[in-house]
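The values are calculated or read from the model by the stated rules, or taken from the named source; none is laboratory data. In this text, all values refer to a predicted model and were calculated from it rather than measured experimentally. Backbone-built Cβ (ideal geometry, glycine too); neighbour counts: all protein chains shown.
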Amino acid sequence: MSISWTCVSNPRPPGATRWCGSTPGKASAPILQASTTSLWKYPQHSMAQAQGFQQSFAVLSILANSLTAGSIFTYPIFSSSLQSQLNFSIRQISCTASIAILSQYLSAGAWGSLADTLGSARVSLFAGVLFFFGYSTLSYLLIKSPDGPHSTNAFQYYDNQSSQSAGFGTWIQVTLAYSICGAATAASYFAAITASTRMFGEKKPGLSVAGPSSLFGLSPLLFSFLGVKFFSNLDGSFNSSGYLGFLAISTLIVNVVGFIGLQRKDDSSLTLSPHIHDEQSPLLQTSPPLPIHSMHPKPAARIEGDPDGISNFLASPTVWLLGMAVLLSVGPAEMTIASIGAVVDAKDPDLGIVSKARQVQLISITNTFSRLLSGWLSDQFCGSSWSSRLALWGFACFGYSIACFMVAVNGGIIWVLSAVTGSCYGVVCTLAPSLVATVWPIKFFGRNYGVISYFFATGSFLFTCLFGFLFEPSDSNSIGKIYRISGTFELVSIGLMVVLYRKYWVYGIP
């Protein structure tokens, strides 16, 4: 560190010996004065570099967590081994998957609250440990099975309609292990999304949600590609135990790195704050700088509610109106995503598996694209305006309701339904959490969005059950009935948004 010094001397009479800071006849120690600018220039530069590296590392950790959190959705790749090696029945395979997904949704609120209180880094560490325990247990159960570590063709297990079933103890072990992976999925995702909103949520609430959620949606594609590429055998079998071991190690490493990268000493250490501290700024501030969100008018739910109490948050009518709008708008989309194969068969039974696969791919592509686009649009044109985000959400629901009524009236065009379904689903999954980040304090985003995520789960469950209850393969009118109901509920969700806007958030009624 280079420091410049200047000599400061007292006035002296002519002929006196010159000493820095001396008086006539008496020498004193020199008084040295450092140049303030030179003194702080290097430390400030080093601190800026360190903070920049920390922020870059945190961003990479967020992306890595998001991209690996969805490994649980590669279940179809290795579930054939449960049938061929552990003698699982089709019903047992389906029940295991359903319970694991349920554990993911049920644990979301808890992980969100822990991310707010303990920090995203610790939640990421918990996720890594749970992933490792769950996947390694599944791998061990397959290795010790009598049939060895290899399974039959990973995509043909539904062709074997065997009536055999595994013992209850074995099924419980597998289901518990996979449910732990489901909880780890929620933990890893919430670690990523809470860290992202903490860093970028004040200025870019849309993209702070769209980025992690988009990568989360691509996670199954990544792992399924790697699994088929490196764990398929020449005879067409699939090394499920090896693949599960790979998942255990890779998810552990990524989430442990997230534990390091998402560390924060306080709420502002990772936040990209617009406030610039120069040499004239005090080193110790008696009060924190005014946050951005306090400069804009916000709904009363943000100001008057007790931010420290979950009971006051749940007591707010705005939470329930927003949650019901989520339930009624995302439920029909989830129903279509889960049942697109049956919809294709009802439209034309001769289209075959290739057409079904294309619809799934189309939904995935439009879902990912709409998340990124809606996040970017909401940040570019909506700013901190929650009303504009609500309007964009309502527009997506209106478009999906038209697609539903088209299917109900004349069968519609399947690829149009798939594209609109993926688009609407992506918009809702991006704008709903960004609204939570905009309306309520960022520091409670994990807890608040965890509560809203229960409405996502409920909508998916109810409308998927509705499809199973009303759909009749032999009745060509059953699809029309289902989508008339779905389109109507999409319009009801728009009505709830209007009530939320006019009665509560505009006039400030808590």
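Couple of notes before you dig in:
Yes/no matrix, rows are residues, columns are (1) over 17 Å from the mean Cα position of the chain (by Cα); (2) among the hydrophobic types (A, V, I, L, M, F, W, C); (3) farther than 17 Å from Cys429 by Cα; (4) not assigned by TED's automatic domain parsing to the domain that holds Leu130:
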residue: Gly201; (1), (2), (3), (4): no, no, no, no
residue: Ser208; (1), (2), (3), (4): no, no, no, no
residue: Gly211; (1), (2), (3), (4): no, no, no, no
residue: Ser219; (1), (2), (3), (4): no, no, no, no
residue: Phe231; (1), (2), (3), (4): yes, yes, yes, no
residue: Asn239; (1), (2), (3), (4): yes, no, yes, no
residue: Leu244; (1), (2), (3), (4): yes, yes, yes, no
residue: Ile249; (1), (2), (3), (4): yes, yes, yes, no
residue: Asn255; (1), (2), (3), (4): no, no, yes, no
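- Qualifying positions in the range 227-263 - part of a helix (DSSP H, G or I) and of a type in the set (Gly, Ala, Ser): Gly227, Ser240, Ser241, Gly242, Gly245, Ala248, Ser250, Gly258, Gly261
- The range 75-95 residues that are touching a residue at least 12 places away in the same chain (Cβ under 8 Å), paired with ones that are of a type in the set (Asp, Glu) and surrounded by fewer than 18 Cβ atoms within 10 Å (Cβ to Cβ) (beta carbon under 7 Å, 6 or more apart): Ser84/Asp147; Gln85/Asp147
- Given (1) more than 26 Å from the chain's Cα centre (by Cα); (2) over 17 Å from Leu390 (Cβ atoms); (3) surrounded by fewer than 21 Cβ atoms within 10 Å (Cβ to Cβ); (4) touching a residue at least 40 places away in the same chain (Cβ under 8 Å), number of the condition Leu470 does not satisfy: (4)
- Taking (1) at pLDDT below 50; (2) closer than 25 Å to Pro212 by Cα; (3) surrounded by 14 or more Cβ atoms within 10 Å (Cβ to Cβ); (4) not polar (S, T, N, Q) in turn, Trp376 satisfies each apart from (1).
- When Thr438 is tested against (1) surrounded by 24 or more Cβ atoms within 10 Å (Cβ to Cβ); (2) among the β-branched types (Val, Ile, Thr); (3) modelled with pLDDT of 85 or more, just one condition goes unmet, and that condition is (3).
- Test: residue in the range 502-510 that is assigned to a helix (DSSP H, G or I), loosely packed, with under 15 Cβ neighbours inside 10 Å, at pLDDT below 90 and not acidic (Asp, Glu): yes
- A single member of Asp379, Asp350 is not in a helix (DSSP H, G or I) and not aliphatic (A, V, I, L, M), and it is Asp350.
- Some residue of the range 90-109 being part of a helix (DSSP H, G or I), of a type outside the set (D, E, K, R), assigned by TED's automatic domain parsing to the domain that holds Gly227 and within 13 Å of Ala191 (Cβ to Cβ): yes
- Output for the range 95-114, where each listed residue is of a type in the set (Ser, Thr, Tyr) and in contact with a helix residue (DSSP H, G or I) (Cβ under 9 Å, 6 or more places away or on another chain): Thr96, Ser103, Tyr105, Ser107, Ser113
- Whether a residue is closer than 19 Å to Gly487 by Cα, assigned by TED's automatic domain parsing to the domain that holds Ala437 and within 21 Å of the chain's Cα centre (by Cα) was assessed, and Leu328 passes this test.
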